[in-house]
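Beneath this line is the structure, given in structure tokens, with notes to follow.
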Amino acid sequence: MHLAKWAHDLAEDLLAESLPKRWAHSRRVYSQALTLAPALGEDAELLAAAAIAHDVGYAAAAVDTGQHMIDGARYLRDVAGADSRLCSLVAFHTSSPWEASELGLSDALEEFGPAEPELVDAITYCDLTSSPVGALVDPAKRLVEVLDRYGPDHVVYRAVSAARPELLARVARVRQRSAEAAGLGIS
């Protein structure tokens, strides 16, 4: 778990003191990633590292474009020297492509492509099952909370509204893969 430990220490340094709620959320996202390890095999540690670091773009030291997914990925790549796959997962998590499109940052997002669909599904699942303060939450309720928090005039509201069907489909795919990995198969 060398990569995950490195990412944990980095994220803690950037978030724990200055953004304690974001840090609590990131720790829950990480813990959710650990539950997916049986379904991910060799990519389990990569997902754990991306999960704990997924919101480092909110840290003052990382802010560049204002889109935290791209900012976090750039910080990880340019400042921390992170692996390209880790940066890609951070860049593409949750509603990033929709938000990047809204902000005219699609080209900036492509710096980190192509996305790995199964891993993007997994990090999105982890993010959407974690509340802003680190509690477990139903993904549909989490999306409602995001929309309520930002309001219809905000770019995040527009992006999440457009992305909502796909985000919930990602959650469903992860649940299906996890069930299959556990030998339970859902029909």
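The values are calculated or read from the model by the stated rules, or taken from the named source; none is laboratory data. Computed from a predicted structure; not experimentally measured. Virtual Cβ from ideal backbone geometry, glycine too; neighbours counted across all protein chains shown. Side chains included, ligands, DNA and RNA excluded: accessible areas come from the protein's heavy atoms. Shrake-Rupley method; radii C 1.70, N 1.55, O 1.52, S 1.80 Å.
Once you list every other residue whose beta carbon is under 11 Å from the beta carbon of ALA37, what net charge do they have if Lys and Arg are +1 and Asp and Glu are -1? Neighbour charge sum, excluding ALA37 itself: -3. Backbone amide hydrogens, once placed in the peptide plane, bring SER130 within less than 5 Å of VAL137, excluding anything fewer than 5 places away on its chain. In whole angstrom, how far apart do the alpha carbon centroids of the range 134-162 and the range 73-125 sit? Here the two parts' Cα centres lie 19 Å apart. Here the accessible area is traced with a 1.4 Å probe on the protein chains. For the chain, carbon and sulfur cover 54 percent of it.
With +1 assigned to the C-beta of every Lys and Arg and -1 to the C-beta of every Asp and Glu, and no other charges, what is the dipole magnitude of the chain about the Cα centre in debye, to the nearest 20?
640 debye
For the range 47-187, the gyration tensor built on C-alpha atoms gives an oblate shape. Its axis ratio a/c (a ≥ b ≥ c) is at least 1.5, and a/b is not larger than b/c. Scalar couplings 3J(HN,Hα) for the range 58-70, obtained by applying the Karplus form with A = 6.51, B = -1.76, C = 1.60 to θ = phi - 60°, are 7, 5, 3, 5, 9, 4, 9, 8, x, 9, 4, 5, 5 Hz; x denotes Gly and Pro. Looking at the range 1-34, none of the trypsin sites (Lys or Arg not before Pro) sits in a DSSP loop with at most 16 other Cβ atoms within 10 Å of its own Cβ. Dividing the mean sequence gap of close Cα pairs (under 8 Å, 6+ apart) by how many residues the range 1-72 holds gives a relative contact order of 34 percent.
Close amide H partners of ALA82, meaning residues 5 or more places away or on another chain with modelled amide H under 5 Å apart, are ARG77. Computed from backbone phi, the HN-Hα couplings of the range 149-158 come to 5, 8, x, x, 8, 9, 4, 5, 4, 5 Hz, rounded to whole numbers (Karplus: 6.51 cos²θ - 1.76 cosθ + 1.60, θ = phi - 60°; Gly and Pro given as x). Each residue of the range 24-31 was assigned a 3J(HN,Hα) from its phi angle through the Karplus curve 6.51 cos²θ - 1.76 cosθ + 1.60 (θ = phi - 60°); the sequence is 4, 4, 4, 5, 5, 4, 4, 5 Hz, with glycine and proline shown as x. Cα gyration tensor of the range 12-91, axes a ≥ b ≥ c as square roots of the eigenvalues: rounded (a/c below 1.5), prolate (a/b > b/c) or oblate? In terms of gyration-tensor shape, oblate.
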